[in-house]
Amino acid sequence: MKGYIYLTISIIAEVFGTTMLKLSDGFTVLFPSLGVATGYIISFYCLSLCMKTIPLSLAYAIWSGVGTALTALIGVLFWDEVLGAFKIFGILLIIGGVVLLNASNNVETVKELSR
């Protein structure tokens, strides 16, 4: 459970850092630029902590997948990016991949426990 708390913090910090990257205007605006560094430092630190209990493949898939989906949503909501069929389909594929990785991990855990 603790690993998933760290993973959630990591995702939020990564999305914050990426959003600040857009606002930093090529690192020419001070406070958003500091937000980029802060967001990514917190994100990678918490990601490393979550990997103490969550397998690498699952943690990274969730981190990148959810981060990508949330970042796409922020782009649509705040920067009027187009949310077309291809973007929706791509996000669904990412979420589906995360679900499959998680299911695969659960099957392997059950096999290990039954030995």
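Does any residue of region 36-59 turn out to be under 20 Å from LEU92 (Cα atoms) and buried (at least 17 other Cβ atoms within 10 Å of the Cβ)?
From region 36-59, those under 20 Å from LEU92 (Cα atoms) are 57-59; that's our starting set.
Then keep just the ones that are buried (at least 17 other Cβ atoms within 10 Å of the Cβ); that gives 58-59.
Yes - at least one qualifying residue is present in region 36-59.
Here PHE89 fits the description: more than 14 Å from PHE16 (Cβ to Cβ) and part of a helix (DSSP H, G or I).
Restricted to region 49-78, and to residues there that are in a helix (DSSP H, G or I) and polar (S, T, N, Q), the residue that is nearest to VAL15 (Cα to Cα) is THR71. Being at pLDDT 90 or above and either out of contact with any Phe, Trp or Tyr (no Cβ under 6 Å at 6 or more places or on another chain) or within 19 Å of CYS46 (Cβ to Cβ) (or both) narrows it down to one residue among LEU101, LEU113, LEU83, LEU77; which is it? Unique residue meeting the criteria: LEU77. Please enumerate the residues belonging to region 1-37 that are of a type in the set (S, T, N, Q) and closer than 18 Å to SER64 by Cα. Passing the criteria: THR8, SER10, THR18, THR19. CYS46 passes every criterion in (1) assigned to a helix (DSSP H, G or I); (2) modelled with pLDDT under 95 apart from (2). Under the condition of being touching a helix residue (DSSP H, G or I) at 6+ places or on another chain (Cβ under 6 Å) and part of a helix (DSSP H, G or I), the residues counted in region 20-43 number 10.
The values are calculated or read from the model by the stated rules, or taken from the named source; none is laboratory data. Keep in mind that this is a model prediction, so the values were computed, not measured. Note that we place each Cβ from the backbone using ideal geometry, even for glycine, and neighbour counts take in every protein chain shown.
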